[in-house]
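See structure below.
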Amino acid sequence: MTEDGFCPVHHAIQILQEKWTLHIIRTLLQGPCGFNELSRAVGGCNPATLTHRLESLEELGLVKKEVLSMMPPRSSYSLTPAGVELQGVVDAIGKWAMNHLSTCKAKAQSVK
């Protein structure tokens, strides 16, 4: 925590905990996507929510939107360099999950 009370970890978690955000980032780490392609890859996210999340991530400087055509409307979404830096976060979550989730799941089932 900094002297002014700002905690970068808390702030980062506030951003990344938004529903669908990490799914969007994980998908875009594989390369640019159009809206429909991104929607299919993320799965289960309604279009209004996906639009809102993409706009928020764009405002934060993590996602870049490129308008490809106006008629029909087509856009491509990609990660900015700051967004690409989240690869380490996604990798760390994946590594932790591989190492611990089967143990956590087994313990939770034995408690039932």
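If every alpha-carbon in the chain counts as one equal scatterer, what log10 I(q)/I(0) does Debye give at q = 0.12, 0.16, 0.20, 0.23 1/Å? The computed values of log10 I(q)/I(0) come out as -0.53, -0.83, -1.09, -1.28. For the chain, the solvent-accessible area of protein heavy atoms averages 71 Å² per residue (probe radius 1.4 Å; ligands and nucleic acids excluded). Once the dipole of the chain is set up with Lys and Arg at +1 and Asp and Glu at -1 on Cβ about the Cα centre, which of Leu50, Ser76, Met98 lies farthest towards its positive end? Sorting the options by dipole projection puts first Met98. Taking the alpha carbon gyration tensor of the stretch 36-95, multiplying each eigenvalue by 5 and rooting it gives semi-axes of 23, 15, 10 Å, largest first. Dividing the summed helix terms, -39500 (n - 2.57) for each DSSP H run of n ≥ 4, by the number of residues in the chain produces a 222 nm estimate of -18000 deg cm²/dmol to the nearest 500.
Of the solvent-accessible surface of the chain, computed with a 1.4 Å probe over protein heavy atoms with every protein chain present, carbon and sulfur atoms account for 58 percent.
A Förster distance of 22 Å, applied to the separation of the beta-carbon atoms of Ala41 and Asp91, puts the FRET efficiency at 0.75. Computed from the C-beta positions of Thr80 and His10, the FRET efficiency with R₀ = 22 Å rounds to 0.50. About its Cα centre, what dipole magnitude does the chain give when the only charges are +1 on Lys and Arg Cβ and -1 on Asp and Glu Cβ, stated in debye to the nearest 20? I would put it at about 700 debye.
The values are calculated or read from the model by the stated rules, or taken from the named source; none is laboratory data. Bear in mind that the values here come from a model prediction, so they are computed numbers and not experimental data. Heads up, the Cβs are rebuilt from the backbone with ideal geometry, glycines too, and the neighbour counts pull from every protein chain shown. Keep in mind that these areas ignore ligands, DNA and RNA; they rest on the heavy atoms of the full protein, side chains included. Shrake-Rupley method; radii C 1.70, N 1.55, O 1.52, S 1.80 Å.
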